[in-house]
Structures are given as structure tokens and as C-alpha cells.
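Notes to accompany the following structure.
The values are calculated or read from the model by the stated rules, or taken from the named source; none is laboratory data. What you see is a predicted model, and the numbers here were worked out from it, not measured in a lab. Note that each Cβ is placed from the backbone with ideal geometry, even for glycine, and that neighbours are counted across all protein chains shown. Remember, those area values only see protein heavy atoms, side chains included, never the ligands or the DNA or RNA. Shrake-Rupley method; radii C 1.70, N 1.55, O 1.52, S 1.80 Å.
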Amino acid sequence: MTKVVIAGGTGALGRRISDDLADRGYDVVVLTRSPKPGRHRQVQWDGVTVGDWAGELDGAAVINLAGELVDRRPTPANIALLTSSRVDPTRALVEASKLLAHPVPVWIQASTLAIYGDAGETRLDEASPLADGPPQMTDVAKDWEAAVEGANTSRVVILRTSVVLEKGTPALERLLLLVRLGLGGRVASGRQWTSWIHIDDWLSIVRWALEPDSAASGVVIATAPDPVRNSELMAGLRKHLHRPPAPPTPAVMVRFGAFLLRSDAALGLTGRHAVSKVLTDNGFPFTYPRFDSALDDLLGN
């Protein structure tokens, strides 16, 4: 039985990968600040300092998903929170790994496709240069990835994840609510790209990366091979919810709405067109390679 220690295992993706791996026979251990009764064994840590929990890493793979939700206003205080909530737990894990007699066999380090900033029409893959901003995206992600340097591990996989499509998650539910309220038109120009991935395929990528003989190493972009423009995204949601065309939402209204909701307008106004060369070269078998098929599964047709 393979043991996996998951930091950030109580978040949306953390819960899904914990259940998925346990269903397949993995011994799952979740590091959490507030242990609660649940399916998986939970071990308390503070996400900052090395403690007794460090012994759990012995002989285990590591999946590090720790970090606060990004859906908040990009104030200096919030950017600092986004950074520390990612960097501090990563550094604690790295320091703990240095105490091990043997390296962690594989370390899956979460990151985000937002590290490429607002990429416009640029086609992105793992070799693409990183952007210089906005800071709540690129700076946070760069610091997050840099924090894993020096880890005592045989193999690191930095998983730059795109928008994960899953029912019940805040991002998708907010979009669905807008469509149901008749506000499902394109956002601003509608030309900004959305790279996305179905939750089932994200789980499959993590499992593939965990395999002892996996070719996954270094940066891997976790995204489906069918990026869509914002106008296509909103049209697809309207189609699957059987809603009529809706007027566009001007950029000024997006910024105003984001201010009222204490969110970040850049989440809706920026975009990235990314396709993973690593997954393509390795013939990764997507279950939902096309946007419409993903929505069919999640929302019906």
C-alpha cells in the first residue's frame, strides 16, 4: 500500500483527491490545523513549523495543495495572505523532508496557470516564459513554486492547474448563478481565453504523476486540450442551462461587481490559452478533452 501525505487535504481539491486515492487503496494522511472526525487519518500541524507530524513523511509521497482561496480583493494584505498561506506550509514540508533518511519518492506541488498572467493570444505550454503580473497571480505563484526548492525528494512535479470544472465548487456555482439570473453574456470583449479541466481528468493527472515509473517531472500544466474564449464559455453554460442569449457585461461593471463582492476583477478579465505539451507527448488519455463534453457530464445536455 502506497502512503500519501496531503497538505491542504480539507480544501475542495484536497477532499476529492483524498477520497479518490483512498478508494484505490492508498494510505491517505491529511495534514490539517484542525483535525475533525472523518474518513481519512488526520494529523495536526500549524502549517509553519516542523513538528511531530514530520515523521509521517517517512516513506510517503507528498501532495501539497495548501493555500487560501484566491477569490478576494487584490489588496496588499490579501496578496500577502495568499503568499504566506502557500509559501509557509511548503517551506515547513521542505524542512521536514530534510530530516528523512530517504528522499520522498514523489512530491506533487500545486501551482496555478495564473503564473502566466494575462497571456492574451499567446499559446502557452510548460516551456513558455512567465509573466510579470498581476502580482496577485504571478508573484504569488512564483513564490509558491520557489518554496519547494531544496526538498529532499527523488522527483518533483509542479502542477500548474487551470480552472477545475466540478459541480459545487465556488467558481462554477458563481458562473451558473449569473446565467440563471440572466447575466450569462460574455464578459467585457469575451475574447479572453479560459483554460479548464474536468475534475475527473485532474484526478487522473495526479494519479499518473504518483506512479513510480511516471514520466511526470518538473512543470506539468493540468489543463484540457480545448481552451475556450469567455464568449464560448458563457454560451456553453447558457446552452446547458437552457437559457437565452444575454447582454454582455462591460468591464467597468465587472470591476464594480468585484468590488462589492470583495473579489478580484482580474479573475474574469484576464485569460490564458494553454495546452500541456507534457501530457500530449505522453499520450495522456483525457476522459473529457472537449468543453462541451465536460459540461454534458457536469450539467446534462
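To the nearest 10 degrees, how steep is helix 76-97 against the longest Cα principal axis of the chain, on a 0 to 90 scale?
30 degrees
Hey, got a sec? Which GluC sites (Glu not before Pro) in the stretch 58-154 land in a DSSP loop and have at most 10 other Cβ atoms within 10 Å?
Working: sites: E68, E95, E121, E126, E145, E149; in loops: E68, E121, E126, E149.
Answer by residue number: E121, E149.
With point charges of +1 on the Cβ of Lys and Arg and -1 on the Cβ of Asp and Glu, referenced to the Cα centre of the chain, which listed residue (G133, V179, L65) lies farthest in the positive direction of the dipole?
Going by the charge dipole, the pick is V179.
Answer with a single label: of (i) 1.00; (ii) 1.08; (iii) 0.96, which was calculated as Rg/Rh (Cα atoms, Kirkwood Rh) from the structure in view?
The calculated read-out lines up with (iii).
State whether the stretch 90-196 is rounded, prolate or oblate according to the following rule on the C-alpha gyration tensor (a ≥ b ≥ c being the square roots of its eigenvalues): a/c under 1.5 gives rounded; otherwise a/b larger than b/c gives prolate, and the remaining case gives oblate. Don't skip to the answer; put the middle values down first.
On the way: a/c = 3.00, a/b = 1.96, b/c = 1.53.
Prolate.
Separation between the E68 and N282 pseudo-spin-labels, each 7 Å from Cα along Cα→Cβ, expressed in nm?
3.3 nm
Measure off 7 Å from each Cα along the Cα-to-Cβ vector at R123 and T75, then give the distance between these two points in nanometres to one decimal.
4.3 nm
Taking a probe of 1.4 angstrom, what is the accessible area of D297 in Å², to the nearest 10?
80 Å²
What's the longest bit of the chain with no exposed trypsin sites (Lys or Arg not before Pro), using DSSP loop states and at most 14 other Cβ atoms within 10 Å as the test?
Longest gap between qualifying sites, sites excluded: 192-261.
What is the distance in Å between the Cα centres of the stretch 86-165 and the stretch 21-49?
Between the Cα centres of the stretch 86-165 and the stretch 21-49 lies a distance of 21 Å.
With Cβ to Cβ distances under 14 Å as the rule, what net charge do the other residues near G236 carry (K, R +1; D, E -1)?
On the way: positive: R186, R229, R238, K239, R243, R290; negative: D226, E232, D292, D296, D297.
Cβ neighbours under 14 Å give a net charge of +1.
Which three extents, in whole angstrom, do the alpha-carbon atoms of the stretch 19-119 cover along their principal axes, largest first?
Largest to smallest, the principal-axis extents are 39, 30, 29 Å.
Provide the FRET efficiency to the nearest 0.05 for the R39-R243 pair, computing r from the beta carbons and using R0 = 25 Å.
Given R0 = 25 Å and the Cβ-Cβ separation, E is 0.10.
Would you mind computing, in nm to one decimal, how far apart the modelled labels at F259 and D297 are, each placed 7 Å from Cα along Cα→Cβ?
4.1 nm
With a Förster radius of 22 Å, plug the Cβ-Cβ distance of E149 and V48 into 1/(1 + (r/R0)^6) and report the FRET value to the nearest 0.05. Could you put the intermediate results ahead of the total?
Values: r = 18 Å, r/R0 = 0.82.
That gives a FRET efficiency of 0.75.
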